[in-house]
Amino acid sequence: MSSRHHDIADDLRHQITTGRIKPGERLPSEAGLADRYKVSTVTLRSALAVLQGEGLVEKIHGKGNFVRRPLRKIVYVGGWGTLDPWTAAETALRVTVRSITVQAHGHLATLLKVPTGSPLAEFICISHEGESPHGLARIYIPRDLAPAGVLDDEPSYREAATRFAVLSVPPAAVRETVCARLPTPDEATTLRANSTAPILAITRVATDATGRVIEAALLVFPGDRVDAVFTTHHVTNERQTQA
């Protein structure tokens with residue numbers, strides 16, 4: 001026997017999928033819906049949680065619950081760490097960038113292999129389509145390696161940051177660790193993601209020819225809003241090529 005909150009979710013889902021409630025439309029207040037269905041607000045919120053988990057409804061803090069507009073996926077291209085050029089070029093996708101200097105502590109100091117307290121240039125980049133966030137990137141460069149203008153509005157760095165690209169000098173190697181996990185509370189809030197739905201987390205570390213870490217990036221994408229593409233290039237042995 002189905003529970004009451006599933007019955008409510010079924011009814012609201014039917015209204016959404018048949019177009020009675022339009023994409024982007026705000027649902028009635030939780031109290032109003034609870035009164036309409038003759039249930040407690042706890043039961044009503046359980047029903048909304050089902051629809052949020054399915055990606056049909058999103059809750060915007062301070063504004064209410066809205067029918068989610070269909071979101072196209074963005075494509076993350078592994079290796080150099082960029083958004084797909086076609087995706088990033090679309091005017092519907094915008095990226096906000098904030099850059100500051102921070103000190104390396106804990107995980108960051110370990111990731112960049114620098115002493116605790118070392119200064120880092122930090123970029124926080126958030127991609128949006130309309131009002132809906134698609135991805136979050138935190139990019140770190142040792143401050144002494146940050147090229148002149150990297151923390152300013154120098155166009156080339158600002159453009160690279162908007163594509164989540166490698167911002168430092170060209171690396172000799174890029175290593176990316178990919179995992180699916182649940183979002184942290186801050187990530188769920190920033191990305192307006194369901195805290196029970198998995199995200200794609202990518203840790204990207206770029207090194208120079210000496211093995212020094214020249215950049216580390218922590219990238220987070222809701223699992224239903226991104227495809228990640230990684231291409232392996234076969235390296236032909238030089239002797240075989242000359243034979």
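The values are calculated or read from the model by the stated rules, or taken from the named source; none is laboratory data. Owing to the predicted nature of the structure, the values given are computational and were not obtained by experimental measurement. Backbone-built Cβ (ideal geometry, glycine too); neighbour counts: all protein chains shown.
List of remarks:
- All positions within segment 101-144 that are part of a strand (DSSP E or B) and small (Gly, Ala, Ser): Ala121, Ser127, Ser132, Gly135, Ala137
- Number of residues in segment 100-114 that are on the phi < 0 side of the Ramachandran plot and touching a strand residue (DSSP E or B) at 6+ places or on another chain (Cβ under 7 Å): the value is 9.
- The number of residues in segment 12-70 that are without any contact (Cβ under 8 Å) to a residue 40 or more places away in the chain, of a type in the set (Lys, Arg) and in a helix (DSSP H, G or I) comes to 2.
- Taking strands (runs of 3 or more DSSP E) as the structural unit, those lying wholly within segment 199-243 and holding at least 2 residues that are modelled with pLDDT of 85 or more and more than 19 Å from Gly135 (Cα to Cα) correspond to 199-207, 213-222.
- Being within 13 Å of the chain's Cα centre (by Cα), in contact (Cβ under 8 Å) with a residue 40 or more places away in the chain and surrounded by fewer than 15 Cβ atoms within 10 Å (Cβ to Cβ) is a condition met by no residue of segment 190-201.
- If only residues of segment 59-75 that are touching a helix residue (DSSP H, G or I) at 6+ places or on another chain (Cβ under 9 Å) and closer than 16 Å to Gly135 by Cα are counted, the one that is surrounded by the fewest Cβ atoms within 10 Å (Cβ to Cβ) is Arg72.
- In segment 21-62, the residues that are more than 31 Å from the chain's Cα centre (by Cα) and charged (D, E, K, R): Asp35, Arg36, Lys38
- Qualifying positions in segment 152-186 - assigned to a loop (DSSP other than H, G, I, E, B), in contact (Cβ under 8 Å) with a residue 40 or more places away in the chain and under 13 Å from the mean Cα position of the chain (by Cα): Arg163, Phe164
- Taken over segment 202-216, the criterion of being of a type in the set (Val, Ile, Thr), surrounded by 13 or more Cβ atoms within 10 Å (Cβ to Cβ) and without any contact (Cβ under 8 Å) to a residue 40 or more places away in the chain is satisfied by Thr207 alone.
- Residue ID - modelled with the highest pLDDT, chosen from residues in segment 76-123 that are surrounded by 12 or more Cβ atoms within 10 Å (Cβ to Cβ) and basic (Lys, Arg): Lys113
- Residues being out of contact with any Pro (no Cβ under 8 Å at 6 or more places or on another chain) and within 26 Å of Pro222 (Cβ to Cβ) - total across segment 96-132: 18
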